[in-house]
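Q: Supplied in structure tokens, the structure appears directly below.
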Amino acid sequence: MGLSEGMNRRGFLRRLSIFIGGAAGLFGLYRFLTPRTAGTNVVLTVASADVPEGGALIFSDKQTAVMKLNGDITAMSLTCTHLGCTVALDGDRFACPCHGSVFSLDGEVIKGPAVKKLTVFATDEKDGKVTVYRRSAV
């Protein structure tokens with residue numbers, strides 16, 4: 001009455017507990033792999049004057065580069081979109097040491113295996129300071 005002939009109450013409860021345990025495990029894995037934001041979307045703040053024209057300030061602890069190209073300040077993630085290795089500035093491009101992907105200074109893929117461009121972060125320049133936000137630039 002209520003349950004099908006193929007499954008008894010014990011089998012149903014067993015499957016339900018496996019499902020709940022799996023969901024809890026996946027949630028725990030998600031929380032472990034997701035960076036903590038501590039209630040803020042600000043990645044870092046840097047003085048505008050410290051960002052060199054045609055160059056970049058690298059913040060390896062934040063896996064972020066802040067660059068000034070043609071007077072425009074941008075910030076970019078240094079996490080390769082292929083498998084998550086940290087890319088390094090190599091002259092006028094970013095190169096991934098793990099699998100050889102190469103990105104331009106604006107994050108576009110020059111050479112794969114990566115197919116997605118690097119994440120460009122939103123920035124705000126005010127009162128001589130540049131604030132870099134965790135969200136992507138539009």
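The values are calculated or read from the model by the stated rules, or taken from the named source; none is laboratory data. If you're wondering where the values come from, they're calculated on a predicted model, not measured in any experiment. Here Cβ is always computed from backbone atoms with ideal geometry, including for glycine, and neighbour counts include all displayed protein chains.
Q: Restricting attention to the range 10-21, does a residue exist that is closer than 23 Å to Ala122 by Cα and not polar (S, T, N, Q)?
A: no
Q: Being modelled with pLDDT under 90, of a type in the set (D, E, K, R), out of contact with any helix residue (DSSP H, G or I) (no Cβ under 7 Å at 6 or more places or on another chain) and within 18 Å of Val43 (Cβ to Cβ): is that true of Arg134 here?
A: Taking the combined requirement at face value, the residue satisfies it.
Q: Filter the range 48-64 for residues that are at pLDDT below 90 and part of a strand (DSSP E or B); which is surrounded by the fewest Cβ atoms within 10 Å (Cβ to Cβ)?
A: Glu53
Q: Another question, then. Please go through the range 117-136 and pick out each residue that is in a loop (DSSP other than H, G, I, E, B) and surrounded by 13 or more Cβ atoms within 10 Å (Cβ to Cβ).
A: Lys117, Leu118, Thr119 - these are the residues of the range 117-136 that are in a loop (DSSP other than H, G, I, E, B) and surrounded by 13 or more Cβ atoms within 10 Å (Cβ to Cβ).
Q: Further question on the same structure: As an exercise: evaluate Cys80 against (1) within 13 Å of the chain's Cα centre (by Cα); (2) at pLDDT below 90 and give the number of the one condition it does not meet.
A: Condition not satisfied by Cys80: (2).
Q: Please pick out the residue among Ser48, Ser101 that is farther than 19 Å from Thr131 by Cα and in contact with a Gly (Cβ under 7 Å, 6 or more places away or on another chain).
A: Within the list Ser48, Ser101, the selection yields Ser101.
Q: Then there is this: For the structure I just gave you, tell me whether Val87 is surrounded by 10 or more Cβ atoms within 10 Å (Cβ to Cβ), assigned by TED's automatic domain parsing to the domain that holds Asp124 and more than 13 Å from the chain's Cα centre (by Cα).
A: No; evaluated as a whole, the condition is false for this residue.
Q: Suppose we filter the range 72-116 for residues that are in a loop (DSSP other than H, G, I, E, B) and within 20 Å of Pro52 (Cβ to Cβ); how many remain?
A: Total satisfying the criteria: 8.
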